[in-house]
């Protein structure tokens, strides 16, 4: 992945999208300004109804912006006619959650489809299809049909198809949400190869923080149509400022006790409960050890978790501290100079965790789907809580509409 490129591949300038509904106007994207650099993997994360799928459809103008400017590879696409938009869209590939493969075509036939529409000669099509199937590891599946493939294999076909015409941008809208964790990892590894080996700029739309922290260079967090945080993945998630970002971090990492878990800890551990942050430089653990040695108190780890965000460690450890109140206060003050320390009190004097996972904010207008009925912003905290992923509506016309938007419509093939 590359995060050093400076020229933006996609730029949003005060972009809004308003849908007219029977109950009145709904703002799905609200005055968004951000840049997506050439050659990076950029994540857009948000709960159901945040507007993230509408945002990605503004990039290929499948949804026109209501106001503001959208620039793609230096071209402002806001207000362009269909003929000129098709030229822009030809440089943008898209993969979907539900794969959208043509069941009557083989794997090769699905990958060849956009090339046929674009009018590539047969020999050149065959060469390109073979090249793509080798890249995604499906050469031996070329003559099989979608019904004979696993979910991960179907998504690989979708990625190969999206890359068929050598796009500069790949839009991945919830592309791993229908897959199991192991297959998700395989697909994310493939997307990283697409980025590093082919230089394709990738925009990942997801409600899963695990996807962003593994695959993306930078991220925008959306809520109620607005970008509420925006920057490098590690910086955004290691020091979250907005409540929506903090909920994502807490729900994904589960390194800090929930209110219910904290109550159980207090019943079992009568001492002072504190949570200590662990950060990328590795100094947090060293400082914790030093502080416990320098102060006459006992510390026992009772909860915690450490993971990687953008290949750098992040997490926290929750300890029970036993000792004199003044010594514990001195320990907390000492350690707070080098890392974050949250005092959660004792059973007799409990203190709340302000970042504890709670109910998510409601969507705009209390409707879980911001935008048209098939906006695609599905799968919020219900999916995570239940360990299942909800099906994603594929958008207006799905793959067929995307192909028609790029190449125009033909009466027959």
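Only the coordinates and a few stated rules stand behind these numbers; no lab work does. Only a predicted model underlies this, so the values are computations on that prediction, with no experimental measurement involved. Every residue, glycine among them, receives a Cβ derived from its backbone with ideal geometry; neighbour counts consider all protein chains shown.
Some observations on this one:
- Given their separation in residues at 0.36 nm each and the Cα-Cα distance between them, residue 300 and residue 7 gain 100.5 nm when the chain is fully extended.
- Kirkwood Rh and Cα Rg combined as Rg/Rh, region 257-343: 0.97
- In plain terms, the residue of 223, 263 with the fewest other Cβ atoms within 10 Å comes first and the most crowded comes last, giving 263, 223.
- Cα gyration tensor, region 79-130 - rounded (a/c under 1.5), prolate or oblate: oblate
- Over region 141-252, relative contact order from alpha-carbon pairs under 8 Å, at least 6 apart, %: 19 percent
- Each of residue 180 and residue 326 was given a label point 7 Å from its Cα along the Cα-to-Cβ line. The distance between the two points is 6.0 nm.
- Each part reduced to its alpha carbon centroid, region 7-27 and region 221-284 end up 30 Å apart.
- Compared with the rule-of-thumb size 2.2 N^0.38 Å for a compact globular protein, region 152-287 has a Cα radius of gyration ratio of 1.30.
- Approximating the spin labels as points 7 Å out from Cα along Cα→Cβ, the residue 280-to-residue 166 distance works out to 3.5 nm.
- With a Förster radius of 56 Å applied to the beta-carbon distance between residue 287 and residue 23, the computed FRET efficiency rounds to 0.55.
- Gyration tensor verdict on region 1-154 (Cα atoms; rounded if a/c is under 1.5, prolate if a/b is larger than b/c, oblate otherwise): prolate
- Tensor-based shape of region 1-86 (alpha-carbon gyration tensor, a/c under 1.5 rounded, otherwise prolate or oblate): oblate
- Note on region 98-127 and region 285-354: Cα centroid distance 57 Å, given to the nearest whole angstrom.
- Taking other C-beta atoms within 10 angstrom as a stand-in for reagent exposure, 127, 208 fall in the order 127, 208, fewest first.
- Under 14 Å from the residue 143 label point (7 Å along Cα→beta-carbon), backbone N, region 96-126: 106-109
- Calculated FRET efficiency for the pair residue 196/residue 261, C-beta based, R₀ 35 Å, to 0.05: 0.35
- In terms of other Cβ atoms within 10 Å, 213, 141, 241 run from fewest to most in the order 241, 141, 213.
- Rough spin-label spacing in nm, given labels placed 7 Å along Cα→Cβ, for residue 268 and residue 118: 5.8 nm
- FRET E, pair residue 312, residue 347, Förster distance 45 Å, beta-carbon r, rounded to 0.05: 0.80
- Equivalent ellipsoid, region 137-186 (semi-axes from 5 times Cα gyration tensor eigenvalues, Å): 18, 17, 8
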